[in-house]
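Please treat every number below as a calculation from the coordinates, not as lab data. Nothing here was measured: the structure is a model prediction, and the numbers come from that model. Neighbour counts run over all protein chains shown; Cβ positions are idealised from the backbone, glycine included.
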Amino acid sequence: MLKKTLLLTLAALACAASALPAQAQAKRRPQFALTYDDGPGQITGDLLALLERRKVKATFFLLGTSARRYPELVKKIHDGGHLIANHTDSHKNWFKIGKGEDREKVLAAEVKKAEDAIVKASGFKPAILRMPNGYDRPWVREAVKKLGYRPANWSYGSDWTKTPEAKMTEEYRKATRAGAVLLLHDGGGKSREKTLRLTEAILDEAGRLGLEPVRLDTLLAGPNPRE
C-alpha cells in the first residue's frame, strides 16, 4: 500500500512539474501592440465595442482637436482600460516646422494643448507621444523627453495609402508578429470603416499565431522593448 501511494505521489508530482513550463509559457505569450491615431473619430465607438468583444486592449494616440470634439469618447477609451497617448494638438506639418528656429516652442505648445484636452476629458495624463506622420529627428526626441514624454513610432502601417484593401489586409497580417507596433487610424480622413475590418483580420491572425495584443506601455516594458 505504501509503495502504491508513493508511486501515485511521484506521478502526481511529475504531472505538476510538466505542467509548470506550459503555464509559464502561457504567461509569456509573444506580444504586439495595436495603436490608433488621429482620434477619437466617428468609428471610435464601434472600434471600442469590437475590442471589448475580442477582449483586447489597445493604444489610442489622440489629437487635442479630436479630444475636444469627442470628450465622451476620450473618457470611454480610458474607462475601457485602453492606453491614451498624445499625438499633438492639430497634426501640423513638422517636416516644414522642424526647419524653424521656434520649433521646440511650437512643439511644447502643441503637446501641452493636447494634454490639457485629454486630461479634461478623462482625468488621465498621457506619458507617450507619437509625432504626426512619424516625424523623427534627434531634436524631437530630446524635446519630447524634456516635456516628460516617451517618443514612440510604429513598425508597420498603411491604412492611409491607396493600397487595395485586400492587399493591405494581407500586409497587416504579415506584419503581425512578436514586438510589432501596428498603426491604424480611427480619426481623420473621410471614412475609417476599413479600420474595423483590418482590426478583425489582425486579431484573427494574432490568434492563429498565438500572439497577445497588449497596450503599448506593456509592450515597451517587456523583455524586448522597442521604440
Query - Evaluated at q = 0.12 Å⁻¹: base-10 log I(q)/I(0), Debye formula over Cα of the stretch 33-220 - result: -0.54
**Report entry** Ranked list, fewest to most other Cβ atoms within 10 Å of each Cβ, for Arg173, Arg197, Arg192
**Finding:** Arg197, Arg173, Arg192
Query raised in the report: What does the highest-first list of 63-70, 184-191, 210-217 look like by mean Cβ count within 10 Å?
Result: 63-70, 210-217, 184-191
Query raised in the report: When the chain is fully extended, how far beyond the present Cα-Cα distance does Arg54 get from Arg197, taking 0.36 nm per residue of separation?
Result: 50.2 nm
**Report entry** Protection proxy ranking of 145-158, 91-104 - average other beta-carbon atoms within 10 Å, highest first
**Finding:** 145-158, 91-104
